[in-house]
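The values are calculated or read from the model by the stated rules, or taken from the named source; none is laboratory data. Values in this document were obtained by computation on a predicted structure and should not be read as measured data. We place every Cβ from the backbone using ideal geometry, glycine too, and count neighbours over all the protein chains shown. All accessible areas refer to the heavy atoms of the entire protein, side chains included, with ligands and DNA or RNA removed. Shrake-Rupley method; radii C 1.70, N 1.55, O 1.52, S 1.80 Å.
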Amino acid sequence: MSAFEVEQGKLRTPFWPKTRAFDRLSESHDWKGYASADAYLEGGLEYFAIRNSTGVFDLSPMTKYRISGPDSLAFLDRLVTRDMKKIRPGRVAYAVWCDDQGQVIDDGTIFHLRDGEYRVCSQERHLAWFTAAAIGFDVTIDEETTRVAALAVQGPTSFSVMQNLGLDGIENLKMFGLMHFDFHGEELMVSRTGFTGDLGYELWIAPGKAEALWDALFEAGKFLGIRPIGTYALEMARIEAGYLAPYLEFIPAEETVRTGRSRSPFELGLDWLVDFSKPVFNGRRALADEQRRGSTWRLVKLDIEGNKEAHHSYVYARKGGRMINIGFITSAMWSPVCKQNIALGSVKTPHGKPGDTLWVEIYYQREMHWSRVMAKATVVDGPFWDPPRRRATPPAPA
Amino acid sequence: MADRYDAIIIGAGHNGLVCGALLAKAGKKVLILEAQEQVGGAAITRKFADGFSVSACAHLLYQLQPQVCKDLDLSIDTVADDMATIALDSAGQHLRIRNGAATGLNDSDARQLHAFHKRMARFSELLRTYLNKTPPRLANGTKTDVVTLARLGLDMRRLGRKEMRAFLRLIGMNIYDEVEERFENPLLKGAISLDAVLGTHLGPRSPNTILTYLYRLAGNHGKLSTPTGGMSGVTEALAQRARDSGATLRTSMPVKRIVVDNGRATGVETDNGETFSSWIVASNADPKTTIMQLVTPRYLETGFVRRIDNIRMRGNAAKLHLALDGLPVIKGIDKKDFAERMLIAPDADYVERAFNPAKYGEMSADPVLEITVPSFRDPSLAPTGKHVLSAIVQYAPYGLREGWSDAARDTLMNHAIDKIAAYAPDIRQRIIAAEMLTPADLESEFRIGGGHWHHGELALDAFLFTRPVSGAAQYAMPLDGLYLCGAGTHPGGGISGAAGRNAARAILDREKTT
Ligand SMILES: Cc1cc2nc3c(=O)[nH]c(=O)nc-3n(C[C@H](O)[C@H](O)[C@H](O)COP(=O)(O)OP(=O)(O)OC[C@H]3O[C@@H](n4cnc5c(N)ncnc54)[C@H](O)[C@@H]3O)c2cc1C
């Protein structure tokens, strides 16, 4: 880790006094000023906690905005591409927001905490954009990142952990739902959300109760294989679930300087999030245009032959006996649960329809020497990993 | 059921009238709604004291586009054409300037003035061709866009490579450096500086004041005239053209909001609760007022709203009207000189110093003035033997830190009259009545945001493709059915009619293609 990174990642989350006891590696990276662990003990082990028991990820650095005021719904409805009127109190929506050119600025989750009161969570910061979007609306945007500590509790035994924690009624909580509980006199918000594509919850609490929550959680999970996980494990689960990561699957539109380097929701496979029945939302005019003209890019999920991970690879299509370069891989891994060599990529349309055969040029190094294979890849529809337990309500106890 | 029209124009300023008249002439059923009792917007003649009338805002005509007159078969009666400019000197050694020549200059200045004028004329001629065209879109151009863009390139190239480079270098530069480099005579430097900054929130040392100077020249080669009966002479004639072509014109009808239904403008609602529907709504109000107040941001996308919200609306020009019981005495000024335009801007530094306080929200204690005595040639404006003095007074910042109270207005009036008195010592004894309109007054009386001359600063970042803001420079706003047709759009302010005409053409073109 360079000196610069140490400087950057010097803020500690409220869980740090607890997580440090697990930290055998001292390997972290910067996440908006916070030190975020890559792994605590061993990335692979932590990944298997997500898929086989319960992994706990400290997501406190996640950017959080509290949106309130009489126009909060109108503000959000104009901000994001999907219809926020359908998101009732107690529900959570995955959403993207675009600039006027219909290019994705970021994605995130919007929690309808109480009637007319929302929390927007995203990896990146957006106060400038949200403030501009609030011009003309009676709405308050309160950046509450440091006032809310959060944990993702993910994996097949996570429901039982929640039960052991004494969360009455958690069995009725559906995917993308949220509930409020009392925890030592503080409000604990629990949502059935996550970034792993598995059964899981996210817990939101005031920083003062963070350590107590951690203790209670690990007590509740002590016979259920609970273990803290770092970004490495989460990232593997994220790719298997087919979720997007900013700076990998797309560059936030406001950060691009070259034309054509940003992506629209259509180009990220998020057509289902764009609701043209709304007469106005940011990017609507451009997206309607794009829908008429056709998109330039398409996000593809690839099942690749062999076992060599396709990091940074070019993607080709065969055309009249020639290989033509149509795009590149954005995320790649060998998936232990799927036993598949998988990747996400960005390719030029019309290529990359589900079922299409494409080719991936993989470079790999063995004992200093580099080799290259052209591996056949199939475009798949839907996530690589999507177990029924993810949405079963009530979930099966461990 | 609301009344239906093919097009509704909000505002009967001269641009709204031009736009409405042209649409009506093209066979559209047009409704023009004006908030004031009188049509004309900032181009009107108004009574300000018993027996005395004056062009209440704009007072000199120098930008009216021949294309507008031709399309509407309009000819404007004037009492004065090609007026000279007299740069007043406190010692009476005034400078008389007309068409790139001046009396009382030394040889070097005379030569330089000739060269400067020739050069500016050449560059302003290039600008002039673009006044009457919709600026091209930079990306995703239609065929005409590409042609216009190519023409811009061609015309630029016709200038020659060296001249083109000079042009591109010059338009970002300030007028101060240019006049200081060329001239010795302080009055000349002051006069040119004043022309470059009138109506702006800029001093002669501010960037792109050569562009604003060129813009002023581009209208009609800088030739100054006054219409008979004042500015209403222009706008009443335009209103008549509009009515003759079948447009309905209703005054005292302020529009409260533009009705938006399912993502498009469908009409307007007035203060008195009447609604009128139309698939085309064109606003002559300034862009910021139109978007932020008449439409409201929630019907538009964020990036656009943010750009509109950032339009600089800091008006600095105030208007002084004096009813005089006779012509004042000015050393070195003959009676016939009162037919011309007089300037108080004794040197370039004076103009810059006048601007300094405006940066900090204060008015100039020593303002610059552009003075005319329109009654001298137009007896209809004042009782026999009496006169009207009309002056633009700068700088009087809209955002005055202490706020525009009656006391502040009086202070400004005193500063302006004191300044005139420095040249015309008997002025105070001659005053029968006086009126001072601050930018705040201009805003409330003429509904011009910030009282800004151009409905928004005219600067390199708000010019051609980016006027009023980038992505919306083709008169059509990013709300179906909504257009702008006033000074805030390309090419900018001044009594020119170019914006209104371009907007009408853009509306008709778009109708053809959709
Ligand atoms: C102090 C001053 C001096 C100037 N001097 C000169 C000069 O000497 N020569 C020159 O060429 N230019 C001059 N100008 C600039 C010139 O006056 C303007 O650029 C020009 O008049 C703009 O014309 P317009 O038709 O676009 O807008 P305006 O003349 O502003 O007309 C807009 C019209 O819309 C109406 N309107 C606005 N909102 C509503 C609503 N909600 N409902 C109904 N109606 C509405 C207004 O009442 C107004 O009639 C001067 C400007 C100022 C401020």
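Here are some notes:
Rundown of residues vs (1) within 14 Å of the ligand (Cβ to nearest atom); (2) without any contact (Cβ under 8 Å) to a residue 40 or more places away in the chain; (3) among the small types (G, A, S), yes/no style:
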residue: B:G203; (1), (2), (3): no, no, yes
residue: B:L214; (1), (2), (3): no, no, no
residue: B:T226; (1), (2), (3): yes, no, no
residue: B:G229; (1), (2), (3): no, no, yes
residue: B:V234; (1), (2), (3): yes, no, no
residue: B:A239; (1), (2), (3): yes, no, yes
residue: B:R250; (1), (2), (3): yes, no, no
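- Those strands (runs of 3 or more DSSP E) of region A:331-389 in which 3 or more residues are more than 28 Å from A:D198 (Cα to Cα) occupy A:357-366, A:369-380.
- Some residue of region A:312-328 being assigned to a loop (DSSP other than H, G, I, E, B) and touching a strand residue (DSSP E or B) at 6+ places or on another chain (Cβ under 6 Å): yes
- Scanning region A:285-301 for residues that are open to solvent by less than 60 Å² (accessible area, probe 1.4 Å) and within 24 Å of the chain's Cα centre (by Cα) yields A:L287, A:S295, A:W297, A:L299, A:V300, A:K301.
- Single unsatisfied condition, A:Q154 versus (1) among the polar types (S, T, N, Q); (2) open to solvent by 10 Å² or more (accessible area, probe 1.4 Å); (3) away from chain B (no Cβ under 14 Å): (2)
- Identity of the residue in region A:132-151, among the β-branched types (V, I, T) and within 11 Å of chain B (Cβ to nearest Cβ), that ends up surrounded by the fewest Cβ atoms within 10 Å (Cβ to Cβ): A:I135
- Annotation for region B:216-224: at least one member residue is more than 11 Å from the ligand (Cβ to nearest atom) and hydrophobic (A, V, I, L, M, F, W, C).
- Set side by side, the residues B:K336, B:K419, B:K331, B:K359 differ, and just one is touching a strand residue (DSSP E or B) at 6+ places or on another chain (Cβ under 7 Å) and either free of Cβ contacts under 8 Å to residues at least 24 places away in the same chain or among the basic types (K, R) (or both), which is B:K419.
- Within region A:350-385, the set of residues being open to solvent by 50 Å² or more (accessible area, probe 1.4 Å), among the acidic types (D, E) and within 18 Å of A:S331 (Cα to Cα) comprises A:D381 only.
- Those helices (runs of 4 or more DSSP H) lying entirely in region B:401-484 with at least 3 residues within 16 Å of the ligand (Cβ to nearest atom): B:406-421, B:439-446
- The number of residues in region B:376-428 that are surrounded by fewer than 18 Cβ atoms within 10 Å (Cβ to Cβ) and of a type in the set (V, I, T) comes to 2.
- Selection from region B:485-508 of residues that are open to solvent by less than 10 Å² (accessible area, probe 1.4 Å), within 14 Å of the ligand (Cβ to nearest atom) and not in a loop (DSSP other than H, G, I, E, B): B:A498, B:A499, B:G500, B:N502, B:A503, B:A504
- Spans of strands (runs of 3 or more DSSP E) in region A:19-131 with at least 2 residues open to solvent by less than 40 Å² (accessible area, probe 1.4 Å) and within 14 Å of another protein chain (Cβ to nearest Cβ): A:92-98, A:104-114
- Within region B:298-324, residues that are within 14 Å of chain A (Cβ to nearest Cβ) sit with their Cβ atoms under 8 Å from residues that are assigned to a strand (DSSP E or B) and not hydroxyl-bearing (S, T, Y), at 6+ positions apart or across chains, in these pairs: B:Y299/B:V260.
- Filter result for B:L238 (touching a Lys or Arg at 6+ places or on another chain (Cβ under 7 Å) and not aromatic (F, W, Y)): no
- The residues of region B:15-48 that are near the ligand (Cβ under 9 Å from one of its atoms) and in a loop (DSSP other than H, G, I, E, B), listed by number, are B:E34, B:A35, B:Q36, B:Q38, B:V39, B:G41, B:A42, B:A43, B:I44.
- Across region B:49-68, the number of residues qualifying as among the small types (G, A, S) and either in contact with a Phe, Trp or Tyr (Cβ under 6 Å, 6 or more places away or on another chain) or closer than 14 Å to B:I392 by Cα (or both) comes to 3.
- Boolean, B:A12 is within 12 Å of the ligand (Cβ to nearest atom) and touching a Leu at 6+ places or on another chain (Cβ under 9 Å): yes
- Close pairs from region A:360-381: first in contact (Cβ under 8 Å) with a residue 24 or more places away in the chain, partner basic (K, R) and assigned to a strand (DSSP E or B), Cβ under 6 Å, at least 6 apart: A:Y363/A:R372; A:V380/A:K301
- When A:K308 is tested against the conditions (1) more than 21 Å from the chain's Cα centre (by Cα); (2) open to solvent by 80 Å² or more (accessible area, probe 1.4 Å), the lone failure is (2).
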